[in-house]
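Below you'll find the structure, written out as structure tokens, and then a few comments.
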Amino acid sequence: MATTGPPAPNTPGVTYLNVPAIRAELDGIKKGTSEGHVAGVWNAILSWMFPVTDGYVTRPQDIHRYFGGAKGFSDLHTFQYDAAGRRRFFLIVQCKPYSSEGSTADWQEAANQLRDYLSAIHKTRPAGRRTRVYGIAALGRRVRFFEYNDLTRNANGWRPSGTWAVTHNGREFYDMRREATEVQSALDFILNNH
């Protein structure tokens, strides 16, 4: 008996919560949940949003080298192969455990890691070769979005439209359960604009 697959991303009214395995894993994030669990949720979301059948690959623990030989490892790094077989990197996700959700220092560390990793890859690209590049900080069930700026070599807080506030209700993050529609809107934007 054939089973139907999960609903397609980028479909009106559909979010990652419509995928039963993603919903179950997200519901499992609670006190004591590890960074690995959070990274697993995001790996599942990215695999659904950016499928290998469309030329996408998400690498866990991808290495990034900096000036002077220093290196770091991004939790999840997504890129797409073009028709010529070249990779176009466009998204890095940094994950932290549930216990980090309320930690200002952990949010700042994730933002700094995104800045460092995106800058190590993209540096300052010529104006004609700039495509949009994004970062996501995922701390437990909370998420913030960033976009890389070539001129400042920084990852700045980002929103996909003027109607989706970077901060709302005094917060700079979105709750992945309660605000799944908003989070999905950002993911759809990244899918369509990278």
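For the stretch 176-191, residues that are within 14 Å of the chain's Cα centre (by Cα), touching a residue at least 60 places away in the same chain (Cβ under 8 Å) and over 12 Å from VAL14 (Cα atoms) total 3. Entry remark, the stretch 54-92: residues being at pLDDT below 95 and part of a helix (DSSP H, G or I) number 3 in total.
Go through the stretch 15-33 and report how many residues are assigned to a loop (DSSP other than H, G, I, E, B) and at pLDDT 95 or above. Full working, then the answer.
Taking the stretch 15-33 first, the residues assigned to a loop (DSSP other than H, G, I, E, B) are 15, 19, 28-33.
The next check asks that each one be at pLDDT 95 or above; those that pass are 15, 19, 28-29.
Result for the stretch 15-33: 4.
The values are calculated or read from the model by the stated rules, or taken from the named source; none is laboratory data. Small disclaimer: the values here were computed from a predicted structure and weren't measured. No Cβ is skipped: glycine too gets one built from the backbone with ideal geometry, and neighbour counts run over all protein chains shown.
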